[in-house]
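See structure below.
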2 protein chains.
Amino acid sequence: MSSTAVAPPACLRRPLVVPRRFMFGPGPSNVPPRILEAGANPILGHMHPEIFEIMSDIKSGIQYLFQTKNSMTLALTGTGHTAMECAIFNAVEAGESVLTAVNGIWGERAADMAERIGARVNTIVAPPGGCFSLEEIEKALSKHRPVLFFLTHGESSTGVLHPLDGIGDLCHKYNCLFLVDSVASMGGAPLCMDKQGIDILYTGSQKVLNAPPGTAPISFSDRACQKIFNRKTKPVSFFLDLSWLANYWGCDGKPSRVYHHTGPISAFYSLRESLCILAEEGLENSWERHRKVAEYFHDGLENMGLKLFVTEKSARLPTVTTIVAPPGYDWKEITAYIMKTYNLEISGGLGPSVGLVLRVGLMGCNSSKANVDMVLTALKNALKHCHKSRV
Amino acid sequence: MSSTAVAPPACLRRPLVVPRRFMFGPGPSNVPPRILEAGANPILGHMHPEIFEIMSDIKSGIQYLFQTKNSMTLALTGTGHTAMECAIFNAVEAGESVLTAVNGIWGERAADMAERIGARVNTIVAPPGGCFSLEEIEKALSKHRPVLFFLTHGESSTGVLHPLDGIGDLCHKYNCLFLVDSVASMGGAPLCMDKQGIDILYTGSQKVLNAPPGTAPISFSDRACQKIFNRKTKPVSFFLDLSWLANYWGCDGKPSRVYHHTGPISAFYSLRESLCILAEEGLENSWERHRKVAEYFHDGLENMGLKLFVTEKSARLPTVTTIVAPPGYDWKEITAYIMKTYNLEISGGLGPSVGLVLRVGLMGCNSSKANVDMVLTALKNALKHCHKSRV
């Protein structure tokens, strides 16, 4: 027992070397030094009063970011996927009906998650790049009578910003909870949780917020809590059980907190800092900046002869732009050329958009006209230098 | 839509202030500057080649730490609880039999998790501070015929280091997988995954490894993979589905990796650095240092008249020491006095040990005789200054 059979690996004798890179893909985006420095503060305990205060600040920051007064507002340990599972695991019991809107990868993923826990899942499907009308949504709600309707606000795989007005009311008419994924759009496009009747809303730390990946803000309406806290069965996950999380985050009104899991302390520091930065700029200013920069970017792309994948102007996501893959080119050669030449990441498609698009994300601190100019120059030179077949 | 109803919170106008503290509770432990600095490196993409190399280094480091040649070795995005769920979610299908050994809180929690996914759960129970004999374990295996047996190596709620030799063979005799929780012990007490026939093993980043909480190393034997990859049903969680994780971590031998979730890049940097530090010291040296420091600590406690909760010397966890709560004192007053006077965390009990013990964790860089002296002085002064009733 006292002798080891596996030797220390030689690779760990090399120091960590991390290149600096322009992170203009669909996320994670660049993290400014101020947020990196916050994350490098010394560790505190997950039950220390100072951490509870930091968590309380984070909660207030998320309420502002989401435009909600929900007391059931917190940040999960994990990514957007964790939040998607948390929403579905808590809001749905086996055998219940779930409806997901599929116009890219995220609706498919939500359907997969709901199926895994034994829900009866139906989908409404639009082609990648498309949206759903209120009529289509109402027809499906009335037919399938789901307990939960899933819709993606910012479809990062296709570049679609889906309109939200009126959908919450429709869901509530059919006694259904309205769940919205705003991982790619939150902070970069207008969204008001309470006003728009959203029952469960989540995002990730690594997009517009410019924090490292690893935490996921989420909020639940009273209507959602009403269903969740009257379940007949326990959610499949202890880690994501909202009754435990609500207590750890001080959202349940109980006088003392019980240990649930060890929160990611360093990630709380950086998430808090990112919310400070957003509050300093102001949410409406951030929305407006992303809108203007995206318009400037889209004009520049069209001026150089490229086509935008989402034809309807108002449905273009201001944070992640999808460009029709330039005909005659291998898209992989373009992204590789730009990475090699400029140390700049743009990416190809994801899921249903693979091969169809190039994706450029300009989120949070990355959303600026100077960065647009850099991307346009990189794209121009890529099209000049990469191999083009006759079309 | 363009006007916001929730104002920016005033609390986010205050700068983040984090006190320095001696983290001598059961975790998280102090994170040395070298690891904090590694975590503050600029962000890379979760699919960049440099990140795949860092993940590969982490994998090699975990293989060394765990003493295993398993190719199915990786770090989860989450904490020890995430790893516990990942093990159970993948290795067990609804209706299957699971056996957990309960001698503190962790066996209870594993039972709760297995029940949530519809397993038939049986437990063997020892009083807090106790262990299980091979005979007891074999009797239960033979009676309940579980597909999975859960045991905690380092029971941080009670301070027990459970012997492991022989249990793997017993499990395999009954065609059962052997799952070991080593969150509190890994790196601080001898454990050799392959030699001891452990099928699934996990730990957390925030204990002996001295990295921030948020990642959880885990490894699966071929025997475990054989069962997991021949399941009839999908695991309840997409996020923790090993077939997806295996591909993201390059453990499945496939030539290309598919996007699964956005890995916690900053936490990968710090986890890699913590594994470098461990490899530099050497695993056996680390075991030996923790053993010697714990003995020095336990002698010091007994010399000042305190009693250790675990009576059997060889069953004392070298990383987390449980001290019988001093009779006549309110344990909360003691921990509060020490925090206030020395900015030093020690903690009370957890689960079945609440009110019975004080817990002191000296893990990784915190395990030193100088720190023991500091804790002993703090305890002596606490017993002098805190209120004592007549016993």
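The share of C-alpha pairs in the stretch B:85-175 whose separation exceeds 16 Å stands at 50 percent. Checking Cβ-Cβ separations below 4.7 Å across chain B identifies B:Cys11, B:Cys86, B:Cys131, B:Cys192, B:Cys225, B:Cys251, B:Cys276, B:Cys365, B:Cys386 as cysteines lacking any candidate disulfide partner. Let me test this: with uniform point scatterers at the alpha carbons of the stretch A:33-279, what is the Debye-based log₁₀ I(q)/I(0) at q = 0.09, 0.10, 0.17 1/Å? Once normalised to I(0) and log-transformed, intensities are -0.36, -0.44, -1.27.
Anything over 25 Å Cα to Cα? Flag those among A:Lys254/B:Lys384; B:Lys332/B:Lys380; B:Lys207/B:Lys369, in the order listed. If you can, show how the numbers build up before the last one.
On the way: A:Lys254/B:Lys384 34 Å; B:Lys332/B:Lys380 15 Å; B:Lys207/B:Lys369 18 Å.
Beyond 25 Å: A:Lys254/B:Lys384.
Determine the distance separating the Cα centre of the stretch B:261-308 from the Cα centre of the stretch A:1-68; give it in Å without decimals. Their Cα centres are 21 Å away from one another. By the combined test of axial Cα extent (at least 18 Å) and Kyte-Doolittle hydropathy (mean at least -1.0), the qualifying DSSP H helices of chain B come to B:49-66, B:265-281, B:369-385.
Could you give the length gained by full extension between B:Arg20 and B:Glu135, i.e. 0.36 nm per residue of separation minus their alpha carbon distance, to one decimal place? Walk me through the numbers before you get to the answer.
Details: separation 115, 0.36 × 115 = 41.40 nm, distance 4.77 nm.
Additional length available on full extension: 36.6 nm.
Placing +1 on the Cβ of every Lys and Arg and -1 on the Cβ of every Asp and Glu, with no other charges, gives chain B a dipole of roughly 840 debye about its Cα centre.
Would you work out what percent of the accessible area of chain A, with all protein chains in place, is carbon or sulfur (probe 1.4 Å)?
Numbers: 7360 of 13970 Å².
Reported share for carbon and sulfur atoms: 53 percent.
Assigning unit charges at the beta carbon (Lys, Arg +1; Asp, Glu -1) and nothing else, what dipole magnitude in debye, to the nearest 20, does the stretch A:218-345 show about its Cα centre?
Numbers: 16 positive and 15 negative charges, 153 e Å.
Charge dipole of the stretch A:218-345: 740 debye, to the nearest 20.
Considering only B:Arg13, B:Arg316, B:Arg120, the mean-square fluctuation computed in a Gaussian network model of chain B, springs between alpha carbons under 10 angstrom, is largest for B:Arg13.
Accessible area ranking (1.4 Å probe, heavy atoms, ligands and nucleic acids excluded), largest first, for B:Arg34, A:Arg231: B:Arg34, A:Arg231. Pair-distance distribution P(r) for the protein assembly as shown, from all Cα-Cα distances in 20 Å bins starting at 0: 17, 50, 29, 4, 0 percent. I want to verify a result. In a Gaussian network model of chain B, Cα cutoff 10 Å, which of these has the top mean-square fluctuation: B:Leu278, B:Leu376, B:Leu177? Comparing B:Leu278, B:Leu376, B:Leu177 in the GNM, the peak value goes to B:Leu376.
Largest mean-square fluctuation among A:Gly118, A:Gly27, A:Gly130, in a Gaussian network model of chain A whose springs join Cα atoms under 10 Å apart, belongs to A:Gly118. Give the residue from B:Val258, B:Val236, B:Tyr248 lying farthest towards the positive end of the charge dipole for the stretch B:220-295; charges sit on Cβ (+1 for Lys and Arg, -1 for Asp and Glu) and the dipole is referred to the Cα centre. The Cα lying farthest towards the positive end belongs to B:Val236. Charge dipole (Cα centre; +1 on Lys/Arg Cβ, -1 on Asp/Glu Cβ; no other charges) of the protein assembly as shown amounts to roughly 260 debye. When the P(r) of the stretch A:337-381 is calculated, the portion above 12 Å amounts to 65% of the C-alpha pairs. Shape class for the stretch B:113-248: oblate, because the ratio a/c of the largest to smallest gyration tensor axis (alpha-carbon atoms, square roots of eigenvalues) is 1.5 or more and b/c is at least a/b.
For A:Ser314, the point set 7 Å out from Cα toward Cβ sits 7.7 nm from its twins in the other copies, listed from shortest up.
For chains A and B, what's the summed buried accessible area, probe 1.4 Å, to the nearest 100 square angstrom?
Numbers: alone 17910 and 17920 Å², together 27930 Å².
Using a 1.4 Å probe, the pair buries roughly 7900 Å².
I'd like the FRET efficiency for A:Asp330 and A:Lys380, computed as 1/(1 + (r/R0)^6) with the beta carbon distance as r and R0 of 22 Å, rounded to 0.05.
After rounding, the FRET efficiency stands at 0.80.
The helix-only estimate of mean residue ellipticity at 222 nm for chain B, built from DSSP H runs of length n ≥ 4 each weighted as -39500 (n - 2.57), is -12000 deg cm²/dmol after division by the residue total. Loop-located GluC sites (Glu not before Pro) in the stretch B:289-360 (DSSP state not H, G, I, E or B) with no more than 13 neighbouring Cβ atoms inside 10 Å: B:Glu312.
The values are calculated or read from the model by the stated rules, or taken from the named source; none is laboratory data. Not measured: the values here are computed from a predicted model. In this analysis, Cβ positions are derived from the backbone assuming ideal geometry, glycine residues included, and neighbour counts consider all displayed protein chains. Keep in mind that these areas ignore ligands, DNA and RNA; they rest on the heavy atoms of the full protein, side chains included. Shrake-Rupley method; radii C 1.70, N 1.55, O 1.52, S 1.80 Å.
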